[in-house]
Amino acid sequence: MSCEPDAPARTTRPDPQPGRTGSGRAHAKAILLGEHAVVYGAPAVALPLPGLSCTASVVFSGQPGHGLNGYGQPDPAGGAAGSGAGSQAPLELRHLVESTLERFRPGEVLGVDLVLENSIPVGRGLGSSAACARATVNALGDLLRLGLRATDVFDLVQLAEARTHGRSSGIDALATGSTRPVLLAGGRVSAPRVGAAAWVVVADSGEFGSTGEAVALVREVFRRRPGRQAEFVSRSGTVTARALEALASGRLDIAGRQLTRHHRLLASLGLSTPVLDRLVDGALDRGALGAKLTGGGMGGCVIALAGTPEDANGLAAGLVRQGARGTWIASIAERGRDD
Ligand code: MEV
C-alpha cells in the first residue's frame, strides 16, 4: 500500500479571458570573457545584443489537453515552417511550459499554444535557446498574470538550459534578460565597470556549433587529463580579471590583448575551428584590439573589440569580405538603455 499523499486532482477552470494573448521577449547575448570556465566556477562577462531577439506569444489552446498543445515558429522569410502540434515543439520548450504550469497553476488543466519569432541565429553561441526559453516564460507569466519574480524566471530558464546544454552556468539565462553587461563571479551577479566606450563586432562564421556538445567535449578533456580543469579555470580567471581591470581603467588595448589570449586558451581545448581562427586572425590584421570565439565554440561566432564606432563598422565590413555570414555591433556600456 502506498503511503504517499494523493496527487491533487486536476481541475479544468474556464479560461479567465479567452482570446487573451500573453507576450514575452528576450534578446541575444555574446560572451565577452570566461565561457566554459564559468561552468566550473570562474568569472565570466556577457553582453546583451538587443538587436537580435526572440518574441513569444501564447494563447489558451483551442484544443483539449494540458501543457503545450500547439506550436509554431514562422519562417522569417514568410512561410509557416515549423508550425505544428505541441509534440513537435522542441522537448525543452514542452517541458518548460509544463514545469511553469505545474509550479504556478498546480492541478489545473491548462493548455496553451505558443508561437516563437526568433531572429537570433541558432547554434551560433548567441543564446538563442536561453532567449526563447525566457521569452516563453515571460509570455506565460503575462497570459496567466503570474507576477513572476526575476528569480522565478531565471530558475525556469535554467531548467530548459539544463536540458539543452547539460550543465549550464546561468550566464546565458541572465544576459538574455539584461539591458547591461553582466559579470557573473562567485555566484554573484553585477555590472562590470567600464572606463571608456568600446564596441564589439560579432561575426558569424556560418558554422553550426552545439553548445551542449562543446560543454561535453570540455568535460571529456578534463576527465582524460587530470589537472587540466584547474589549470584552465585558473588561467581563464586570470585573463578575465586582467581584462576587467583594463576595461575599468579604459585601457582597451590591454583588454583587447586579454581577449585574444582567451581565444588561444579556448582553442587549446579544441573549441575553435579553422574558420573561427581565420576570422580572429582577420580581425586582428584589420586593427581589432583583440578577438576571440564567443559562446560554446566548435562553430558559431567570433567577437572583435574596437575603440570607436567607425573602427567597429570598418571591422564588420572587413569580416564580411573575409567570409563572415553576418555581423552585429554592440556597445560595451556600463548602464543599460533603460537606466
Ligand atoms: C555558453 O554561452 C556559455 C558556456 O560557458 C556554457 C554555460 O556557461 O552554461 C559554454
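The values are calculated or read from the model by the stated rules, or taken from the named source; none is laboratory data. The structure displayed is predicted, hence computed values, not measured ones. So basically every Cβ, Gly included, is an ideal-geometry build from the backbone, and we count neighbours across all protein chains shown. Heads up: the accessible areas ignore ligands, DNA and RNA and are worked out on the full protein's heavy atoms, side chains in. Shrake-Rupley method; radii C 1.70, N 1.55, O 1.52, S 1.80 Å.
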Potential lengthening between Thr11 and Leu91 on full extension [0.36 nm per residue; Cα-Cα distance subtracted]: 26.3 nm
Hypothetical label at Ala197: residues of the range 302-324 whose amide nitrogen lies under 16 Å (7 Å Cα-Cβ projection): 306-314
Carbon plus sulfur fraction of accessible area for the range 172-221, probe 1.4 Å, in percent: 51 percent
Computed helical MRE - 222 nm, the chain, DSSP H runs ≥ 4 contributing -39500 (n - 2.57), nearest 500: -12000 deg cm²/dmol
Mean accessible surface per residue for the range 194-332, computed with a 1.4 Å probe while every protein chain stays in place, in Å²: 41 Å²
Gyration tensor (Cα) of the range 134-271, equivalent ellipsoid semi-axes in angstrom: 28, 22, 15
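In Å, the Kirkwood hydrodynamic radius of the range 194-332 over pairs of distinct alpha carbons?
With all distinct Cα pairs of the range 194-332 included, I get 15.2 Å.
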For the chain, projected area of the alpha-carbon convex hull averaged over all directions, nm²: 19.8 nm²
